[in-house]
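S.K.: I have a structure here, written as structure tokens, and I will follow up with some questions on it.
The values are calculated or read from the model by the stated rules, or taken from the named source; none is laboratory data. Small disclaimer: the values here were computed from a predicted structure and weren't measured. Here the Cβ positions follow ideal geometry from the backbone for every residue, glycine too, while neighbour counts run over all protein chains shown.
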Amino acid sequence: MSDRLADVLAHIDADIENSLERLFKLIRIESISTDPAYAGACREAAEMIAADLASIGFDASTRPTPGHPMVVAHQDGAKGPRALFYGHYDVQPVDPIELWDTAPFEPKIVTAADGTKQIVARGSSDDKGQLMTFIEAFRAWKAVTGSLPIPVSILLEGEEESGGPSLVPFMQANKDEFAADFAFICDTNMWDRETPAVTTMLRGLVGEEITITAASRDLHSGMYGGAARNPIHVLVSILDGLRDETGRVTLPGFYDGVGEIPDSIRQQWQSLGFDPDQFLGEVGLSIPAGEEDRSVLEKIWARPTCEVNGISGGYTGKGFKTVIPSQAFAKVSFRLVDQQDPEKIRAAFRAYVESKLPADCTVEFTRHGGSPGIRLSAENPALVKTRAALTNEWGHDCVVVGSGGSIPVAGDFKTVLGLDALMVGFAQENDRIHSPNEKYDLTSFHGGIRSWARILAALSEEGAQ
């Protein structure tokens, strides 16, 4: 079917105004998932999308959950690998409303100072504009050829912006229905306005809170100072020992499963024009921390970390109080990559803390989540074909990038469904998602539709599996 690609792209170009109107219709639904007052709107958005997908031949329905409904759809196509597409139809609240230049749920196309045409509205980028790019690509293929180039399944949730509590149980309960060869997560950025990107690396996370207790009560530092154990001293000594003088984490086995990025990817990152001085300078810093022998991009995309996110103990109010506290507290997080085991890291951290604890002190641990890191092989056939399709559309080599943060659904796809996820999106860094005046560039929307049309064609070709 790839020989019909030119006709499909021409249809997309001719139909772009209708595509925009369909997007605007979805945006006008105030599907704010965090506020119970908008439950009806979330249901309306789900039902609208399901009906739209059914109109272009999908077996589509809304599925109930304890929260907002899921949209599930399937359609067979020409013989080839099955792709599972993920997105979310819920949006963030609009507060503070007074900072919006236009009504948040009345989409407008405005021209920015640099001449860029932008769709301004809540959800225009995150994630309604993004998910409609692949739906519009499906629509174009059906309009021109009557079928899709490959089999497709779709899973859209309505709770991503409120923690996604229903997603994993729903996938577990319907695991067989979502059997596929790989997944696409459509909620990420391009590198810049001209350069497409596929995010293939995500860091996982382990969060731990520790409470160290020494004396049975707070003590007067004049009466007990020098004789009584100070849990803050104990705590800071423990935290200081988590990294050595070169920035490496000292926990035994911490780097088990951490691989090196291929030289080709490292060279590609070097060619991106990333300025580490500017990156740090924007937040008032000038000297990179962490592992001494790694670039800043490598540190934030492809290396594991250990960070202290909060520390407290003793008197922290105004004025001064000469006290030796009974307890000291810290919140510590580890960002994980590749095949690091979150529970192994957690156990190593707890064993380390306990090994450094004086005999007359105790420690209590509180866990705050854990998820593995993800790295897709650069040789993955679906990735290779997706990158080629994106390069052809945008005229610039598609780059492979990482994310310093975590996207839980990518890990969920791997652990629950056994699927590798390719994260392909067309947002820009300045889209102001979650903020007033959220926008999505018109070129992102139009080019995104064309990109998915090309990707579908590329995956249909022999050898894509």
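S.K.: Only residues that are surrounded by 12 or more Cβ atoms within 10 Å (Cβ to Cβ) and at pLDDT below 95: list them for the stretch 1-23, please.
M.R.: MET1, SER2, ARG4
S.K.: Within the stretch 401-436, which residues are within 30 Å of THR111 (Cβ to Cβ), surrounded by fewer than 17 Cβ atoms within 10 Å (Cβ to Cβ) and of a type in the set (S, T, N, Q)?
M.R.: Scanning the stretch 401-436 gives ASN430, SER435.
S.K.: Something else: Restricting the search to the stretch 310-325, which residues are in contact with a Lys or Arg (Cβ under 9 Å, 6 or more places away or on another chain), surrounded by fewer than 19 Cβ atoms within 10 Å (Cβ to Cβ) and in contact (Cβ under 8 Å) with a residue 40 or more places away in the chain?
M.R.: ILE311, GLY314 - these are the residues of the stretch 310-325 that are in contact with a Lys or Arg (Cβ under 9 Å, 6 or more places away or on another chain), surrounded by fewer than 19 Cβ atoms within 10 Å (Cβ to Cβ) and in contact (Cβ under 8 Å) with a residue 40 or more places away in the chain.
S.K.: Does any residue of the stretch 348-362 turn out to be surrounded by 13 or more Cβ atoms within 10 Å (Cβ to Cβ), of a type in the set (A, V, I, L, M) and in a strand (DSSP E or B)?
M.R.: No, every residue in the stretch 348-362 fails to be surrounded by 13 or more Cβ atoms within 10 Å (Cβ to Cβ), of a type in the set (A, V, I, L, M) and in a strand (DSSP E or B).
S.K.: Separate question: Can you name every one of the strands (runs of 3 or more DSSP E) wholly within the stretch 73-126 that holds 2 or more residues which are under 30 Å from LEU456 (Cβ atoms)?
M.R.: 83-88, 117-120
Per-residue answers, yes or no, for (1) surrounded by fewer than 23 Cβ atoms within 10 Å (Cβ to Cβ); (2) without any contact (Cβ under 8 Å) to a residue 60 or more places away in the chain; (3) farther than 22 Å from GLU47 by Cα; (4) in the same structural domain as ALA382 (by TED's automatic domain parsing):
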{"position": "THR62", "(1), (2), (3), (4)": "yes, yes, no, yes"}
{"position": "ASP95", "(1), (2), (3), (4)": "yes, yes, yes, yes"}
{"position": "THR111", "(1), (2), (3), (4)": "yes, yes, yes, yes"}
{"position": "GLY115", "(1), (2), (3), (4)": "yes, yes, yes, yes"}
{"position": "ALA121", "(1), (2), (3), (4)": "no, no, no, yes"}
{"position": "SER125", "(1), (2), (3), (4)": "no, no, no, yes"}
{"position": "GLY129", "(1), (2), (3), (4)": "no, no, no, yes"}
{"position": "PHE134", "(1), (2), (3), (4)": "no, no, no, yes"}
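S.K.: Being modelled with pLDDT under 95 and either of a type in the set (Phe, Trp, Tyr) or under 43 Å from the mean Cα position of the chain (by Cα) (or both) is true for just one of LEU205, LEU235, LEU239. Which residue is that?
M.R.: Answer to the check: LEU205.
S.K.: Please indicate, with yes or no, whether at least one residue in the stretch 375-383 is in the same structural domain as SER221 (by TED's automatic domain parsing), modelled with pLDDT under 95 and in contact with a Pro (Cβ under 8 Å, 6 or more places away or on another chain).
M.R.: no
S.K.: While we're here: Residue check, GLY164 against (1) in contact with an Asp or Glu (Cβ under 9 Å, 6 or more places away or on another chain); (2) modelled with pLDDT of 95 or more, all met but one. Which one?
M.R.: Status for GLY164: all satisfied but (2).
S.K.: Check whether at least one residue in the stretch 144-159 is part of a helix (DSSP H, G or I), modelled with pLDDT of 95 or more and closer than 22 Å to ALA458 by Cα, and report yes or no.
M.R.: Scanning the stretch 144-159, I find at least one residue that is part of a helix (DSSP H, G or I), modelled with pLDDT of 95 or more and closer than 22 Å to ALA458 by Cα, so the answer is yes.
S.K.: Any residue in the stretch 381-394 that is out of contact with any Lys or Arg (no Cβ under 7 Å at 6 or more places or on another chain) and either within 30 Å of GLY247 (Cα to Cα) or in a loop (DSSP other than H, G, I, E, B) (or both)?
M.R.: No, the stretch 381-394 contains no residue that is out of contact with any Lys or Arg (no Cβ under 7 Å at 6 or more places or on another chain) and either within 30 Å of GLY247 (Cα to Cα) or in a loop (DSSP other than H, G, I, E, B) (or both).
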